[in-house]
1. Can you tell me the orientation of helix 25-39 relative to the chain, as the angle in degrees between its alpha-carbon axis and the longest Cα principal axis, to the nearest 10?
2. Please state the charge dipole magnitude for the chain, taken about the Cα centre, from unit charges on C-beta atoms (+1 on K and R, -1 on D and E), reported in debye and rounded to the nearest 20.
3. Determine the principal axes of the Cα atoms in region 19-70, then give the extent along each, sorted from largest to smallest and rounded to whole angstroms.
Amino acid sequence: MGEAIEAAGERLLFPPPSSPDLEPIEQLFAKLKALLRTAARRTVDSLWNAIGTALDALTPGACRNHIANCG
C-alpha cells in the first residue's frame, strides 16, 4: 500500500508511537480502574455509585500532583 501512495506522488506518514508511558492520562485511568477493582461492584447501579466515589477521590490536590508528575 505504501508503494501505491508514493507512486501517486504522496508521502506516507506514520503517527507517533503510542504507549501508556507516553500518555499521561493513562496514569489517571489506572488509578480509577484500581479503585473500581477494589470496590468489586457487580450491579450496574452499584458500579455507577462506585464510579462517583472513585471520581470524588480525585481531589484538586491529587489532580495537581498528577499534572506535575506528567510534566
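1. 40
2. On the way: 7 positive and 8 negative charges, 117 e Å.
In debye, rounded to 20, the chain gives about 560.
3. 34, 26, 13
Read-outs: derived from the displayed coordinates by stated rules, not from any lab. Owing to the predicted nature of the structure, the values given are computational and were not obtained by experimental measurement. A quick note on method: Cβ atoms are made from the backbone with ideal geometry, for glycine too, and the neighbour counts reach across all protein chains shown.
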